[in-house]
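Worksheet: the structure to be examined is printed underneath.
The values are calculated or read from the model by the stated rules, or taken from the named source; none is laboratory data. Being a predicted model, the structure only gives us computed values, none of them experimental. Counting neighbours? That spans all protein chains shown, and the Cβs are built from the backbone with ideal geometry, glycine included. Heads up: the accessible areas ignore ligands, DNA and RNA and are worked out on the full protein's heavy atoms, side chains in. Shrake-Rupley method; radii C 1.70, N 1.55, O 1.52, S 1.80 Å.
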Amino acid sequence: APGSQGAMPMPAPGSQGAMPMPGMPTPGMPAPGSQGAMQMMQSHREMMQSMEKMNRDMTGATMTGDPDRDLVTMMMPHHQSAIDMARIYLRDGRDPEIRRIAQKIITDQEKEIAEFKAWQAKHPVAAR
């Protein structure tokens with residue numbers, strides 16, 4: 001139809017894809033301005049900061065061309081970010097299944113970071 005190029009169809013009111021009206025609460029989400037909304041915003045901000053730090057640490061890492069060393073070097077900040085995000089979740093998250101998974105992330109990835117560090121200690125970078 002003329003003039004409708006690029007227009008997005010709107011879902012029928014009450015359908016699964018219906019968009020909430022501005023200013024109206026979204027089902028399952030805390031009301032804007034509520035304590036729950038503030039916690040959600042803080043958690044989101046902290047998780048994003050964790051990912052940004054991980055990206056800086058990973059992109060700033062020195063790659064050697066040795067796939068063993070390079071994997072270990074890249075995975076440590078990746079795992080640390082997962083640990084940080086899981087801790088943020090545990091502060092505010094309530095779902096028992098996700099809390100269990102978050103705790104497992106912390107336990108498993110702390111162990112793996114320790115294994116990476118032990119591997120690095122056994123395989124020092126050769127002096128050039």
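Looking at (1) more than 26 Å from A121 (Cβ to Cβ); (2) at pLDDT below 95, can you tell me which one K53 breaks?
Every condition holds for K53 apart from (1).
Check A118 against each of (1) aliphatic (A, V, I, L, M); (2) in contact (Cβ under 8 Å) with a residue 12 or more places away in the chain; (3) assigned to a helix (DSSP H, G or I) and name the one condition it does not meet.
(2)
What's the number of the only condition in (1) open to solvent by 90 Å² or more (accessible area, probe 1.4 Å); (2) touching a residue at least 24 places away in the same chain (Cβ under 8 Å) that R56 fails to meet?
Exception for R56: condition (2).
Exactly one condition in (1) under 30 Å from A126 (Cβ atoms); (2) open to solvent by 40 Å² or more (accessible area, probe 1.4 Å); (3) at pLDDT below 95; (4) hydrophobic (A, V, I, L, M, F, W, C) is false for A61; which is it?
Status for A61: all satisfied but (2).
Take the conditions open to solvent by 40 Å² or more (accessible area, probe 1.4 Å) and among the acidic types (D, E) and apply them to D70. Does it pass?
On the way: open to solvent by 40 Å² or more (accessible area, probe 1.4 Å): no; among the acidic types (D, E): yes.
When the stated conditions are applied, D70 does not pass them.
Residue-wise test of (1) at pLDDT below 90; (2) within 18 Å of I113 (Cβ to Cβ); (3) surrounded by fewer than 12 Cβ atoms within 10 Å (Cβ to Cβ); (4) not basic (K, R).
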site: P27; (1), (2), (3), (4): yes, no, yes, yes
site: M47; (1), (2), (3), (4): no, no, no, yes
site: M75; (1), (2), (3), (4): no, yes, no, yes
site: R94; (1), (2), (3), (4): no, no, yes, no
